[in-house]
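The values are calculated or read from the model by the stated rules, or taken from the named source; none is laboratory data. Note that the coordinates shown come from a computational prediction; the quantities given were computed from them, not determined experimentally. Methodologically, a virtual Cβ is constructed for each residue, glycine included, from the backbone with ideal geometry; neighbour enumeration extends over all protein chains shown.
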Amino acid sequence: MDPDVRSMAWAGLVGRWSEWAAASAAWPEHGDAGRARASVPWLIQLQAITQALGEITAVPPRERPWCRDHARATIETAVERLVGVWGNEAPNEIADIVDDARLAVDRSQQAGCREAVWPGPGRFIVPELELGEPCGTLACMQPGTPVLPGSTVAWWIDRDDLVVPGLSVRDAEHGPSQVYRQLDDAGRVVQDVIAPMEELPPGMPLLVPIDEDGRRIGGWLTQAPAWRAMHEQALGGLQSPAVRWSE
């Protein structure tokens, strides 16, 4: 996307939260009221950033990293200006506004997460995939993996949808996830468990990290035929849907 168009898309999110800035022109110019008046443009910027980041999915996926970088730069500029106005005497409310803006940046990292899921019935074999150039964040099952119904085969952030025939592509309601293949003592698959990334249930993780923030960080570990044969042997006739992790 052309940089000017990209800037306009972000400005459209931010700008409509800034319309009331002119009202502060009527405030006193001296004392704490004067400092509050001098703070208003920067506080509005922070609040606008917080609100806009909550709607970042309105921006095309590949442009969201730029929006976050722009938001971070805006936050740091606002903080510098507010410190110049208040020094170490800023009210707690200002610190809260700054914290909210920074938290919004963190939360936006997973905004717009999408996933490809095998709906079933039966098992699905992950085909060879054309991943293209590194882009956004992507995790995907290795080609040759036999997939049980309901399993997340891939998820991604800040990139266009990964299209694999037979899979359902949808918003990832639970955010990024991992699928753990759980085995018994004899090496037979008992079930597949879908868990949030922050959870660590027992089992073999099936989704391989491929890209992170636009950098290629991983790839396939085993040739697809050998990988498939190993899993088919462990699965036997199992075709039960994957279950969601709960402690």
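When you look at Arg181, is it more than 28 Å from Arg107 (Cβ to Cβ) and of a type in the set (D, E, K, R), yes or no?
Numbers: more than 28 Å from Arg107 (Cβ to Cβ): yes; of a type in the set (D, E, K, R): yes.
Against the criterion (more than 28 Å from Arg107 (Cβ to Cβ) and of a type in the set (D, E, K, R)), Arg181 qualifies.
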Can you report the number of residues in the range 136-184 which are surrounded by fewer than 21 Cβ atoms within 10 Å (Cβ to Cβ), touching a Gly at 6+ places or on another chain (Cβ under 8 Å) and β-branched (Val, Ile, Thr)?
0
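From the list Trp155, Trp220, which residue is at pLDDT below 95 and of a type outside the set (Lys, Arg)? Before the answer, list the steps.
On the way: Trp155 fails: at pLDDT below 95.
Residue meeting the stated conditions: Trp220.
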Among Val59, Val83, Val40, Val79, which is closer than 26 Å to Asp160 by Cβ and at pLDDT 75 or above?
Val59
Is one or more of the residues making up the range 198-214 modelled with pLDDT of 95 or more, out of contact with any Lys or Arg (no Cβ under 7 Å at 6 or more places or on another chain), surrounded by 14 or more Cβ atoms within 10 Å (Cβ to Cβ) and more than 30 Å from Ala58 (Cβ to Cβ)?
yes
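Taking Ala73 as the residue in question, decide whether it is farther than 15 Å from Asp213 by Cα, outside the structural domain of Val193 (by TED's automatic domain parsing), surrounded by fewer than 21 Cβ atoms within 10 Å (Cβ to Cβ) and not aromatic (Phe, Trp, Tyr). Step through it out loud before you land on a result.
On the way: farther than 15 Å from Asp213 by Cα: yes; outside the structural domain of Val193 (by TED's automatic domain parsing): yes; surrounded by fewer than 21 Cβ atoms within 10 Å (Cβ to Cβ): yes; not aromatic (Phe, Trp, Tyr): yes.
Taking the combined requirement at face value, the residue satisfies it.
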How many of the residues making up the range 175-189 are in a loop (DSSP other than H, G, I, E, B) and without any contact (Cβ under 8 Å) to a residue 60 or more places away in the chain?
5
So which residues in the range 228-244 are within 30 Å of the chain's Cα centre (by Cα) and either among the small types (Gly, Ala, Ser) or over 20 Å from Val117 (Cβ atoms) (or both)?
Ser240, Ala242
Go through the range 127-145 and give me each residue that's in contact (Cβ under 8 Å) with a residue 40 or more places away in the chain and either more than 16 Å from Gly175 (Cα to Cα) or in the same structural domain as Trp66 (by TED's automatic domain parsing) (or both).
Glu128, Leu131, Pro134, Cys135, Met141, Gln142, Pro143, Gly144, Thr145
Complete set of residues in the range 103-159 that are at positive phi and over 23 Å from the mean Cα position of the chain (by Cα):
Gly120, Gly122, Gly144
